[in-house]
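Encoded as structure tokens, here's the structure I'll be asking about.
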Amino acid sequence: MFGIFVYDVIFFAIPVLAIAFLGISIYRYLHAKKANKVTPNTFSASEIKGRKILLIISVITAGLLAAIVIGFIALLFMAIAFM
């Protein structure tokens, strides 16, 4: 029973957390950029740079996750086709 829970966490919770991290990173970066356009110097340049780095990391993580998922789907289709 516990082993099934571990696999559920691996295959469902990790992608959900990666997508949530991507969404939060996009929101934080765009909010900082917009706030600096409306009121200059609301966020420092170093803070915007840090948010941009987190956004890049989250995009890479989501891209790798999407590539892995697409690869597994392709492998499953091939396995089914050759049965």
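Look through ALA62, ALA67 and report the one residue that is surrounded by 12 or more Cβ atoms within 10 Å (Cβ to Cβ), under 16 Å from the mean Cα position of the chain (by Cα) and of a type outside the set (Asp, Glu).
ALA62
Which condition number does SER46 fail, the rest of (1) surrounded by 12 or more Cβ atoms within 10 Å (Cβ to Cβ); (2) more than 20 Å from PHE11 (Cα to Cα) being met?
(1)
Within segment 49-83, work out how many residues are of a type in the set (A, V, I, L, M) and within 19 Å of ALA13 (Cα to Cα).
The total comes to 12.
Sticking with this structure for a sec: Do you know which residues across segment 16-44 are within 20 Å of LEU65 (Cβ to Cβ) and out of contact with any helix residue (DSSP H, G or I) (no Cβ under 6 Å at 6 or more places or on another chain)?
Passing the criteria: VAL16, LEU17, ILE19, ALA20, GLY23, ILE24, ILE26, TYR27.
Of all helices (runs of 4 or more DSSP H) completely enclosed by segment 1-82, which ones contain at least 1 residues that are at pLDDT 95 or above?
14-38, 45-81
The values are calculated or read from the model by the stated rules, or taken from the named source; none is laboratory data. Keep in mind it's a predicted model, so treat the numbers as computed, not measured. Counting neighbours? That spans all protein chains shown, and the Cβs are built from the backbone with ideal geometry, glycine included.
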